[in-house]
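Here is the structure we will look at.
A short reminder: the numbers here are calculations on the coordinates, not readings from a lab. All values reported here derive from a predicted model rather than from experimental measurement. Reconstructed Cβ throughout: ideal geometry from the backbone, glycine too, with neighbour counts over all protein chains shown.
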Amino acid sequence: MQDRRQACAVLGLTEDAIEKEIEDRYFFLMKRYKYLDADEQPSPGEPIFAKINEAYRFLIGYAPLQPVVFRELGWKDKVQHVRDNYMMEITYSVVLVLFIFAVGVGVTELYWAFKAGTNNIGVYSPTDLPMSEHAGKK
């Protein structure tokens, strides 16, 4: 596509069409031609899929993604790239590690509680009482 006028003509829109109108018209045309066989053409005088896609991409400002070579990025760009693309995975990993740590601490506490002799839970010896109560029971 060379200009907006030509792209709008392919989609059947006026030059002052807004983004919503462009999207609506594009999806209408896609639905209309969706079930055509590969060798079938749209009605005479109507654009084919490639022209419709090209016009739509031109009008919305589509730019294909460029591959990122991580080794060639500066350290700030590397940090930004990792933050933009892997933040959810990092968050899940940190939460999982903290959960495993908490479970490990809980299991360790239970182990030491059982090892200390939990078969007498709730039974107090006289030495466990506060000094004021212990002194009065002679």
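Structural remarks
- Highest to lowest packing among 98-104, 57-63, scored as the average C-beta count within 10 Å: 57-63, 98-104
- Hull volume per residue, based on the alpha-carbon atoms of the range 70-120 and their convex hull, is 84 Å³.
- Evaluating 6.51 cos²θ - 1.76 cosθ + 1.60 at θ = phi - 60° for every residue in the range 59-67, the Karplus couplings come out as 5, 8, x, 5, 10, x, 5, 9, x Hz, glycine and proline recorded as x.
- Computed about the Cα centre, the dipole magnitude for the range 70-120 is approximately 120 debye when only Lys and Arg (+1) and Asp and Glu (-1) carry charge, each at its Cβ.
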